[in-house]
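Working notes, beginning with the structure itself.
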Amino acid sequence: MIRITDILEEAQRYLSHEDIEVVEKAYIFSAQAHFGQERLSKEPYLIHPLEVTAILVGMRLDVASLATGLLHDTIEDTLVTLSNIEEAFGKEIAFLVDGLTKISKITFASKLERQAENFRKMMLAMSSDIRILLIRLADRIHNMRTLDYLEPEKQKFIARETLEVYAPLAHRLGINWMKIELEDLSFKYLQPEDCIALNEWVAKKKDERDSYAEQVRELIRKEMGEFGLAGTVEGRAKHLYSISKKMKEQHINFDQVYDLMAFRIILDSDTERDCYAALSMVHALWKPVPGRFKDYIAMPKANNYRSLHTTVIGPYGERVEIQIRTREMHEWADKGIAAHWRYKEGRAFSATEDNQIKILRELLEVHQEGDAREFMRNLKLALYPDEVYVFTPRGDVKPFPKGATPIDFAYSVHTDVGNQCVGARVNRNIVPLHYKLQNGDTVEIITQPGHLPSKDWMKNVVTSRAIAKIKQFIKTEERENSISLGREIFEKELKKHRLKFAQVVKTNEFKIAMAEYSLNTLDDMLALIGYGKLSAKHVANRLVQDEEKKEESIFEKVKKRFRKTQDAGVSITGIDNVMVRYAKCCGPIPGDDIVGCITRGRGVTVHVASCPSVQEMPPERIIDVHWEIEKKQVFSVSIRVRCGDRKGLLSELTNIISSQGVNITYANIDTMPGQSATCDFQLAVNDLAQLNKVLLDIRKLKSVTSVERLREPIERSEKGSH
Ligand code: MN
């Protein structure tokens, strides 16, 4: 059982006296907080933070990390609060303990393998200080070492999480020993039978393996001596999980011990050149297998791993894998990023931001390759998180840009979920929609069917998807509003001209007008009117002009229905061959000043301009007409002659009329004996000139007192028509 003195003794090798006091203080604090608590193994709970801290001290982490190792479970499992920790140990340690508390609360539950990468990124993002992640890994190592006490189902769950999340994280940080231990422990719980069988087999071959390994090591050492290369040669069995993985991936069974072996030359020299010298030495000793050489010195792996790998045909014709690296490279390969903590100018690495940036810069300068850059990007994530990772209610992990809100989340699920989003629960608590998502949050969206997005949401979203969807919605909505507003305005404008919207939009004239405005649909036009980009008045006015033309088209209709067979005798401005009739109320004859009146269903009626009935007509029905007599026609006209009663006068009157070539179609004489007589004639004249001549001649007669043209026809049967 580990004791604090073991840890302190180790820490004294690289920490100051003051630092050691802080670690001691953290130990006492933790011992008090966890007092009386037991692990499932029935051991005191304090064992766990001590073991974790022992791992950290082995990694030479700084004083804050060691103190945090001791305190990491106090907030979660005891009555201690974060402010207690801050009071006792200051901001830095409190920050680390808080980070550990948060990170330990989240578990990877998704069954989807592709989710594991997002989860790992979440862990990195949540480890805003890389030490949080290192302590978490140490925590996981000890939990895995003591997994036996849990129920089998729980064991499998934790082992799977370890294999999919924590071992790859250890690998990414370049901490090989952690990766190997986490993988082998996971393997033990995930595939117990395979693990036992493989273990037994490896053990059975131990003697054989040992003598084989010693033989190969000796051969290499001898060559190194001859080449003047100083260093050590390691020959180790591969770790169980990697053997098992290799067996599965390559579908092979191992029957030779050397299949389990990997050899490693660790040079005392610091120069890369010696690595290549050792390589050519090995290749001179044994024939290399083509295509198996890998130069991770020229091209380091994503986790900054540097080494030369080669496979050669060994002393028994077997394949032998050999790695060649300097001690510095080896340090990095085994401890990864933690190696930078060690012996830095004789002092422990103080993980201040400046130093972390310095490390990043150094790494970046040395390794410009894509893989290395990706590693840097991932590491940077841990330092400057520009992303947040949150859980769906089903346990999937989704990445978002920093500052994302539940609205962003909702739109990432589905457009409808976004549009109908009315609220959100984060970690089961209702939060406002402008809440900024935090790493590890579990987000649940509350929707309400029929709910619509608001313009204000634009202020609260950062994802391009949400922005695009909300913009699209606003645009659609604004268009709809504009269309209905546009319609209202347009209808009002049309009303002024006594036009109806529904009818107007069906006409050809309207379609032509739209085409001239380059508009495809009625909605397009109404939207433009609604936006105020197109004047409704303008549109209406041009349609009214069209409507006036339409009035003409009424004439066209009239023309078609009443096409005259005989000559009209009048022409109407702009149109020909309209059915024309002469008003009986005034009986116009050629030469009279005339106007035309449009009569529904009866074409045009021609009146004398001074006819009283014309005055009663609506002005829009009156049109210009003028006489256009091509061949002689007769027109009926009535006259009244008053005269003294004189013998032979009637025959004289008829003679005068006839002598002008005018026929009398009707005559009515009223005489009162001994007094005056009234004679009415209906004449068939050609025109006004002829009539006037007749009237003049009559007036010359003796005893004629007056002669006049009658407006009203004398035939009663024709009376009243106009
Ligand atoms: Mn723990």
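The values are calculated or read from the model by the stated rules, or taken from the named source; none is laboratory data. Note that this is a predicted model, so its numbers are computed, not measured. Methodologically, a virtual Cβ is constructed for each residue, glycine included, from the backbone with ideal geometry; neighbour enumeration extends over all protein chains shown. Heads up: the accessible areas ignore ligands, DNA and RNA and are worked out on the full protein's heavy atoms, side chains in. Shrake-Rupley method; radii C 1.70, N 1.55, O 1.52, S 1.80 Å.
Of all the C-alpha pairs in region 409-471, what % are more than 18 Å from each other?
Above the 18 Å cut-off, region 409-471 has 28 percent of its Cα pairs.
Measuring from the lowest to the highest alpha carbon on each principal axis, how far does region 88-159 reach, largest first, in angstroms?
So the extents along the principal axes, rounded to whole Å, are 40, 30, 15.
In terms of solvent-accessible area of protein heavy atoms at a 1.4 angstrom probe, what is the ranking of Ser703, Ser83, Ser65, Ser464, highest value first?
Ser464, Ser83, Ser703, Ser65
Give me the Debye-computed log₁₀ of I(q)/I(0) at q = 0.12, 0.17, 0.24 Å⁻¹ for region 1-96, equal point scatterers on Cα only, no solvent, two decimals.
-0.33, -0.67, -1.28
Residue by residue through region 317-334, what is 3J(HN,Hα) from phi via Karplus (6.51 cos²θ - 1.76 cosθ + 1.60, θ = phi - 60°)? Round to whole Hz and write x for glycine and proline.
These are the phi-based 3J(HN,Hα) values: x, 8, 7, 10, 8, 10, 10, 10, 7, 7, 5, 4, 5, 5, 4, 5, 4, 7 Hz.
Counting Lys +1, Arg +1, Asp -1, Glu -1, what net charge surrounds Ser676 among other residues with beta carbon under 13 Å of its beta carbon?
+1
Could you check the simple spin-label distance between Glu712 and Asp396, using points 7 Å along Cα→Cβ, in nm with one decimal?
Those two pseudo-labels are separated by 9.7 nm.
Computed FRET efficiency, Cβ-Cβ of His434 and Asp593, R0 60 Å: what is it to the nearest 0.05?
Rounded to the nearest 0.05, the efficiency is 0.15.
Residue-wise, which Karplus ³J(HN,Hα) couplings in Hz belong to region 274-281, taking 6.51 cos²θ - 1.76 cosθ + 1.60, θ = phi - 60°, and x for glycine or proline?
5, 5, 5, 5, 5, 5, 5, 4
Under the rule of at least 5 residues apart or a separate chain, name every residue whose amide H is placed under 5 Å from the amide H of Ile175.
Residues meeting the amide H criterion: Ile337.
Which entries in Lys154/Lys204; Lys111/Lys455; Lys105/Lys156 show an alpha-carbon gap greater than 29 Å?
Lys154/Lys204; Lys111/Lys455
Which whole-percent values make up P(r) of region 127-273 when all C-alpha to C-alpha distances are grouped in 10 Å steps starting at zero?
10, 31, 30, 22, 7, 1
What is the set of long-range amide H partners of Val388 at a cut-off below 5 Å, with H atoms built 1.01 Å from backbone N?
So Val388 has HN proximity to Phe400, Lys402.
Sequence-distant or interchain residues sharing an amide H contact under 5 Å with Tyr582, placed H: which?
Val606
Could you work out the mean projected area of the convex hull around the alpha carbons of region 430-504, in square nanometres to one decimal?
Spelled out: convex hull of the Cα atoms, projected over all directions, averaged, 7.7 nm².
Please list, in order along region 169-184, the HN-Hα scalar couplings obtained from phi with the Karplus expression 6.51 cos²θ - 1.76 cosθ + 1.60 (θ = phi - 60°), rounded to whole Hz, x for Gly and Pro.
5, 4, 5, 5, 7, x, 8, 5, 4, 5, 4, 5, 5, 5, 5, 5
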